[in-house]
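Engineer: Here it is, the structure in full.
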């Protein structure tokens, strides 16, 4: 006579049918299920369901799948290992070198663009020969002599600015 | 043993061995594509996602630590991608009801009226019924069933893939199979399955 008190609950029967039990538990469940028609029927129902689920057949990946994966991997930056230089990749070597080159180039550009009329350091001025100084003074005089003199119209225009409105008019300027 | 081979291959990939990556690609291309086809029900998207898994494996090769099985790591990446894709696509799939296999079976119906086509049609209908039953499961139950039933991933691995306890995996699977039984058993009795 089968002892119904030892019957498995649905979850245990399912775990048995799906082989989810630990080896000791599985053996115990098997010996009961093989003798108990109720539990045996319940286990069979899960096995039939499992067989039905098998009808969902697998598909084959498309022919171009592998090629796509290879292309994706190849286009990945980390895939482009390149050459190594004493254990370092080229990128690791070149990055600091490029940075140094950029700094040098930037400095050169700044120095070249520096305006020529900026006052020279005092030490350099002292070191210049007298002839060079006189040439420079003559150049500056020529520059000031060629500056256009403001006409009356220019004063009219400039006096529109608040700050400049107190500028002396042409007559006063001439009188002075 | 394939499991140990996978670990060895991945360690070789980590050292820059491209051929080992090729071996892993050939070994897991079909399982991964099928996993995604069953999860997202869209073949083109499934292939995109499978490709993404391989790319992520490659990108993470330097960080790879052989602590767990390779397949556990692989399916953890795959499951996360699949669940995200399902969440992203939920609205659009529900609204247009698109299923590639549905459209294929419609073509078979229209083009050919021969017995072979009828058989194919019946097979495709059975697959559709099963697919819809699995698709109707909550996300984690669906993933657990697909990993357990179709990908041959054991419940200990599934617990690591889904980030739940082993007993929770057994419970997820039990509830999933109960739902499937409720839905499919009447059709089995009617002879549709």
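The values are calculated or read from the model by the stated rules, or taken from the named source; none is laboratory data. Owing to the predicted nature of the structure, the values given are computational and were not obtained by experimental measurement. So basically every Cβ, Gly included, is an ideal-geometry build from the backbone, and we count neighbours across all protein chains shown.
Engineer: Name the residues in the stretch A:14-46 that are closer than 15 Å to residue B:167 by Cα, touching a helix residue (DSSP H, G or I) at 6+ places or on another chain (Cβ under 7 Å) and part of a helix (DSSP H, G or I), would you?
Structural biologist: Within the stretch A:14-46, A:14, A:15, A:16 meet the criteria.
Engineer: Criterion first (at pLDDT 95 or above, within 11 Å of chain A (Cβ to nearest Cβ) and under 19 Å from the mean Cα position of the chain (by Cα)) does residue B:161 satisfy it? Can you show your working first?
Structural biologist: Details: at pLDDT 95 or above: yes; within 11 Å of chain A (Cβ to nearest Cβ): no; under 19 Å from the mean Cα position of the chain (by Cα): yes.
Judged against the criteria, residue B:161 is not a match.
Engineer: Would you check which residues across the stretch B:126-147 are farther than 15 Å from residue B:82 by Cβ and without any contact (Cβ under 8 Å) to a residue 40 or more places away in the chain and list them?
Structural biologist: Matches in the stretch B:126-147: B:127, B:128, B:132.
Engineer: Looking at residue B:66 and the list (1) within 14 Å of chain A (Cβ to nearest Cβ); (2) touching a residue at least 24 places away in the same chain (Cβ under 8 Å), which single condition is not satisfied?
Structural biologist: Evaluating residue B:66 over (1) within 14 Å of chain A (Cβ to nearest Cβ); (2) touching a residue at least 24 places away in the same chain (Cβ under 8 Å) leaves (1) as the failure.
Engineer: Anything in the stretch B:11-34 that is in contact (Cβ under 8 Å) with a residue 24 or more places away in the chain, within 10 Å of chain A (Cβ to nearest Cβ) and buried (at least 21 other Cβ atoms within 10 Å of the Cβ)? List them, or say none.
Structural biologist: Correct list: B:21, B:32, B:34.
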